[in-house]
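Read through the structure below, which is laid out as structure tokens, and then see the notes.
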Amino acid sequence: MTGSRASSLARHAIARCVEYLLALFILSSLNFVAVRALPGDPLDVLFADATLAAPTGEDRDQLRRLYGLDGGLMDQFVRYLGHLAEGDLGVSVVHGLPVVDLILPVAPWTLLLVGTATALSVLLGTVGGIETGLRHGRRGSAGLLAVLTLADSIPPFVLAIVLLFVFALGLELFPASGAMTPFSQAEGLARLSDIALHAVLPLTALVLHETTKIAYLTRASTITVLSRPFMTMARAKGVSPLRLRSSYVAPSTLATVVARTAALFSGLVSGVLFVEIVFAYPGLGMLVAEGITSRDYAVVQGVLLILGVTILTVNLIADLVILRLAARG
């Protein structure tokens, strides 16, 4: 790599990092404003139950200070940013616990769904895209494209509802809710099998929708690669179909897959929140739903902020990887 090219790469990388920090500030600000736009006061919602005596006077003011609800919006915003800088996501109004303590137990379930769905979507989408690209113009390719288009047009939460009614409530082939059988004492492989069985329908809803996006782009990239001279030469030399796929087509689609994976991950993070609610899956989606219902600002802010930062970070890493691949190419 020449000096000028390396310098240009460094400038682009620095620019992306600056954009990342700016996006992080905007995300934090929008997160603060959006949550407070919800109607209702958190303390009023908390004490709406007739069995709880609503605090008044100094007691109410003390609770508002405890949960960061005192003062004007600007004062709250400044304190909010200060706490974020210290890694403090606040205290839940409903549970009376630090938000981090509520997030940590449920985050692994969401990570399980998103991580597995990302890997499956990339694998199936890449392989499917390459295969459909290699069969471009042959019989059946139009029908396959129609199926992909249909799957792409249905939102994950709609797929989740359909899968729930058909395969869980109707055919009773899979559990309808939860991440594992309640009060189960299973251990080892039996426990893993139980967790896997509960994850089948949520994963299917996520993977069916997102795989199509990878497949579309990989297919288009494959068709483009097939028209290049080196592919014609490889075929003329009698290169085996397996080597043609692994050594010629797959590397040429790598940048496309990396770029789409970042966007796919963002879509999965958004979609998993709704899918978890449909299946009552005990992840971050259920925690956000509970926080919105109870106007628990700190919980909603904390979860959305962590998810937003994760999405921004994944996109930054993908951009830097693509810059590196472009520099090598």
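Some notes on this structure:
- Elements of type helices (runs of 4 or more DSSP H) contained in the stretch 99-196, each with 1 or more residues being closer than 30 Å to HIS83 by Cα: 99-134
- The number of residues in the stretch 122-172 being free of Cβ contacts under 8 Å to residues at least 60 places away in the same chain and touching a Gly at 6+ places or on another chain (Cβ under 6 Å) comes to 0.
- Checked against the criterion of being surrounded by fewer than 11 Cβ atoms within 10 Å (Cβ to Cβ) and modelled with pLDDT of 70 or more, the candidates LEU27, LEU22 yield just one match: LEU22.
- Within the stretch 96-108, considering residues that are free of Cβ contacts under 8 Å to residues at least 12 places away in the same chain and at negative phi, the one farthest from the chain's Cα centre (by Cα): LEU97
- Qualifying residue in the stretch 110-127 (condition: among the β-branched types (Val, Ile, Thr), over 19 Å from LYS213 (Cβ atoms) and surrounded by fewer than 18 Cβ atoms within 10 Å (Cβ to Cβ)): no
- Applying the set (1) modelled with pLDDT of 80 or more; (2) not in a helix (DSSP H, G or I) to HIS209 leaves exactly one unmet item: (2).
- Qualifying residue in the stretch 158-176 (condition: in contact with a helix residue (DSSP H, G or I) (Cβ under 6 Å, 6 or more places away or on another chain), modelled with pLDDT under 90 and within 23 Å of LEU113 (Cα to Cα)): no
- Filter result for ALA289 (assigned to a helix (DSSP H, G or I), farther than 27 Å from ALA176 by Cβ and among the small types (Gly, Ala, Ser)): no
- None of ALA13, ALA53 is outside any helix (DSSP H, G or I) and modelled with pLDDT under 85 except ALA53.
- Annotation: of all residues in the stretch 221-232 being under 11 Å from ILE130 (Cβ atoms) and among the aliphatic types (A, V, I, L, M), the one that is surrounded by the fewest Cβ atoms within 10 Å (Cβ to Cβ) is ILE223.
Let's see how each residue does on (1) surrounded by 14 or more Cβ atoms within 10 Å (Cβ to Cβ); (2) of a type outside the set (Val, Ile, Thr); (3) farther than 15 Å from TRP109 by Cβ:
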site	(1), (2), (3)
PRO175	yes, yes, no
THR181	yes, no, no
SER184	no, yes, yes
LEU189	no, yes, yes
LEU192	no, yes, no
VAL200	yes, no, no
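- Test for GLY329: is it within 30 Å of LEU30 (Cα to Cα) and either crowded, with 22+ Cβ neighbours inside 10 Å or modelled with pLDDT under 75 (or both): no
- Residues of the stretch 234-251 that turn out to be among the β-branched types (Val, Ile, Thr) and in a helix (DSSP H, G or I), as a count: 1
- Residue check, THR211 surrounded by 13 or more Cβ atoms within 10 Å (Cβ to Cβ) and not hydrophobic (A, V, I, L, M, F, W, C): yes
- Subset of the stretch 272-314 [among the small types (Gly, Ala, Ser) and either surrounded by fewer than 24 Cβ atoms within 10 Å (Cβ to Cβ) or in contact with a strand residue (DSSP E or B) (Cβ under 8 Å, 6 or more places away or on another chain) (or both)]: ALA280, ALA289, SER294, ALA298, GLY308
- Contact annotation: residue pairs with Cβ atoms under 7 Å, 6 or more positions apart or on different chains, pairing a residue in the stretch 214-241 that is without any contact (Cβ under 8 Å) to a residue 24 or more places away in the chain with a partner that is in a helix (DSSP H, G or I), are MET231/VAL225; MET231/TYR248; ALA234/LEU244; ALA234/TYR248.
- The number of residues in the stretch 83-95 being surrounded by fewer than 17 Cβ atoms within 10 Å (Cβ to Cβ) and at positive phi comes to 1.
The values are calculated or read from the model by the stated rules, or taken from the named source; none is laboratory data. What you see is a predicted model; the values in this text were computed from it and never measured. No Cβ is skipped: glycine too gets one built from the backbone with ideal geometry, and neighbour counts run over all protein chains shown.
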